[in-house]
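Asker: This structure is in structure tokens; I'll ask about it shortly.
Readers should treat all values here as calculations from the given coordinates under stated rules, not as data from a laboratory. Being a predicted model, the structure only gives us computed values, none of them experimental. Cβ sites come from the backbone with ideal geometry, for glycine too, and all protein chains shown count toward neighbours.
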Amino acid sequence: MVRYCMVILGSLAAMASAQDICMSPTSTFTVKVNLFASELGYYAFEECGDVVNPTIGMEVGETYTFVQADRSNYFHPMGFSYFPDGAHDGVDELEPGIGLGSDASCAETLSCPAPMYFLNDDYLGNYSNIEEVLPVSTGAEDFGLDAYEPLFFHPMPEWVGYGEFSIQLRFDDESYDKDIFYFCHIHQFMSGRIKLMKNGELVSPEDEPPLGYTYDEPGAFDETCGTYGLDAFQLPHPECPSTFVCDAGPENQPFASCINAMNCHMVVGMTTGVSSESNLALFIHQMIPHHQNAVNMAKTLLLTGDVPCEDLTNDEDPYCVMQVILREIVNGQNFQIQAMRGLLEALNLPATDDCTVPVAIDGLDGLGSIVERQNPPPIEDSEDGAAPVDRVGGPFRRRV
Ligand SMILES: [Cu+2]
């Protein structure tokens with residue numbers, strides 16, 4: 001009996017309930033990115049409240065507008081795909097030449113549904129399945145993404161200065177019977193589900209295809225700091241010094257305790273092995289926690305509200321200059337973290353190579369055992385005749 005109930009619950013979990021689907025009565029979704037909701041941030045829509053990556057509903061054959069004007073969209077150009085994460089995962093996106101319905105003839109005429117990308121009111125492509133924008137096309141495959149996406153990598157004040165980014169999407173393949181997804185063209189793992197509907201009825205009651213991953217959920221401490229992954233690194237911690245911030249008064253205490261935990265997270269992350277004997281792997285394993293620290297620091301300062309800025313293009317205002325720096329750090333370094341993780345995978349190098357090094361104080365490590373200082377061997381003369389480098393000191397190692 002119990003098992004039977006669980007099976008039913010299990011299948012219910014994969015079904016969409018109408019209450020969980022966010023519809024927009026105006027057919028507009030105002031896109032924002034909640035940078036504090038996960039390591040990378042998650043999409044949210046003004047029309048859907050505070051829920052991150054909400055499941056949204058779209059009527060087949062109707063035109064929807066996704067407005068990416070909010071500053072939080074920087075580095076997050078939205079895409080649409082048949083499977084989560086699109087090209088990040090090597091799976092099909094919505095493109096004029098890709099039809100996954102039972103009638104795939106649209107692929108031959110390049111008239112399958114695809115998003116149409118706009119800057120201000122100018123459509124950036126020549127494909128169209130929206131008559132009101134451009135006569136419906138066949139044989140044209142440029143839907144504007146190639147002009148749209150690169151602008152999201154430009155320096156933030158330039159990106160803001162370009163104007164209002166938006167996307168129109170009319171999914172009109174009547175023969176397709178599953179869900180589609182929105183995703184970020186720059187960051188993986190930010191996908192959300194789109195339920196297609198016909199006259200208010202779900203095309204697919206089941207959530208198909210599956211998302212394939214769960215969303216990050218910040219811990220309680222992370223929520224106060226606007227960070228990700230720090231709950232287990234609050235001080236005291238056996239691999240960290242007793243503090244990183246000295247003499248913080250009551251006013252700075254909350255920010256300082258966030259800084260303490262993020263620096264401890266970094267220090268713990270920056271003790272790694274070289275099991276692969278690869279300097280490149282060593283660099284990446286050390287750089288990722290370093291980047292994560294920069295991202296966490298920037299997010300926490302953003303969350304304090306201590307860096308107010310109305311006009312991000314105003315480089316005379318120190319707060320605006322700082323706000324730009326913070327947002328560029330969060331988005332640019334997160335992008336680099338993902339790229340470096342991808343490199344490790346592509347090169348068959350281990351994803352992580354952590355080692356545990358208790359913090360050493362006065363010859364004692366954090367666990368109270370005796371440690372000794374091991375000096376590394378001197379570096380030999382290099383072949384090109386460069387002088388040897390004098391290295392002072394070395395890492396503390398536990399005596400075994
Ligand atoms: Cu993104």
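Asker: If you line up the long axis of helix 253-269 against the longest principal axis of the chain, both from Cα atoms, how many degrees apart are they, to the nearest 10?
Answerer: 80 degrees
Asker: At 7 Å along the Cα-to-beta-carbon direction for both Thr352 and Val274, put a label point, then send me their distance in nm to one decimal.
Answerer: Placing both labels 7 Å beyond Cα along the Cβ direction yields 2.2 nm.
Asker: Be a star and scan segment 251-266 for residues whose amide nitrogen sits under 15 Å from the point 7 Å along the Cα-to-Cβ vector of Thr304.
Answerer: Residues 251-263 qualify, since their backbone N sits under 15 Å from the label point.
Asker: Measure off 7 Å from each Cα along the Cα-to-Cβ vector at Asn34 and Asn126, then give the distance between these two points in nanometres to one decimal.
Answerer: Between Asn34 and Asn126, the label points sit 4.2 nm apart.
Asker: Right, next: Let me confirm the definition first: pairs of Lys residues in the chain, 8 or more apart or on different chains, C-alpha distance under 25 Å. How many are there? Spell out each step's value before the answer.
Answerer: On the way: Lys32/Lys195; Lys32/Lys299; Lys178/Lys195; Lys178/Lys198.
Going through the chain pair by pair, I get 4.
Asker: Right, here's the next one. For Ser175 paired with Ala140, estimate the spin-label separation in nm (one decimal), with each label point 7 Å from Cα along the Cα-to-Cβ line.
Answerer: So the two model labels end up 2.4 nm from each other.
Asker: If you don't mind, another one. Can I get the semi-axes of segment 14-170's equivalent ellipsoid? Compute them from the C-alpha gyration tensor as square roots of 5 times the eigenvalues, in angstrom, largest first.
Answerer: Numbers: eigenvalues 117, 85, 46 Å².
In descending order, the three semi-axes are 24, 21, 15 Å.
Asker: For helix 318-346, report the angle its Cα long axis makes with the longest principal axis of the Cα atoms of the chain; keep it between 0 and 90° and round to the nearest 10°.
Answerer: Helix 318-346 sits at roughly 90 degrees to that axis.
Asker: Let's test the formula: R0 of 45 Å, r as the Cβ-Cβ distance of Thr26 and Met287. What FRET efficiency results, to the nearest 0.05? Walk me through the intermediate numbers first.
Answerer: Numbers: r = 44 Å, r/R0 = 0.98.
Step by step, r from the Cβ atoms, then E = 0.55.
Asker: Applying a 10 Å radius around every beta-carbon, put 140-152, 238-250 in order of their mean neighbour count, most first.
Answerer: So the order, starting with the most tightly packed, is 140-152, 238-250.
Asker: Still on this structure, I have one more. Ordered by packing density, taken as the mean number of other Cβ atoms within 10 Å over each peptide's residues, highest first, how do 291-299, 314-322, 266-274 rank?
Answerer: Values: 291-299: 22.4, 314-322: 13.8, 266-274: 17.6.
Order by mean packing, descending: 291-299, 266-274, 314-322.
Asker: Give me the compactness ratio for the chain, meaning the Cα radius of gyration over 2.2 N^0.38 Å. Could the numbers behind the result be given before it?
Answerer: Numbers: Rg = 25.2 Å, N = 400, 2.2 N^0.38 = 21.4 Å.
Relative to the 2.2 N^0.38 Å estimate, the chain comes out at 1.18.
Asker: Moving on. Can you list residues from other chains, or at least 5 along the same chain, whose modelled amide H is less than 5 Å from the amide H of Thr272?
Answerer: Close amide H contacts, sequence-distant or interchain: Cys355.
Asker: For a Förster distance of 30 Å, can you work out the FRET efficiency between the beta-carbons of Glu158 and Thr109, rounded to the nearest 0.05?
Answerer: E between Glu158 and Thr109, to the nearest 0.05, is 0.20.
Asker: If amide H atoms are built 1.01 Å from N in the plane of the peptide, which residues on other chains or at least 5 residues away come under 5 Å of the amide H of Ser128?
Answerer: Ser137
Asker: Ranking request for peptides 190-203, 74-87: highest mean number of other beta-carbon atoms within 10 Å first, then the rest in descending order. Please list the in-between numbers first.
Answerer: Details: 190-203: 17.8, 74-87: 22.2.
The peptides rank, most packed first, as 74-87, 190-203.
Asker: Continuing with the same structure: Taking 1 over the mean of 1/r across every pair of different Cα atoms in segment 220-346, what Kirkwood radius in Å do you get? Write down the numbers at each step before the final one.
Answerer: Working: mean 1/r = 0.0628 Å⁻¹.
The answer is 15.9 Å.
Asker: Estimate the FRET efficiency between Glu201 and Ala339 by the formula 1/(1 + (r/R0)^6), using the beta-carbon distance for r and 56 Å for R0, to the nearest 0.05. Numbers along the way, then the final one.
Answerer: Details: r = 42 Å, r/R0 = 0.75.
The calculated FRET efficiency here is 0.85.
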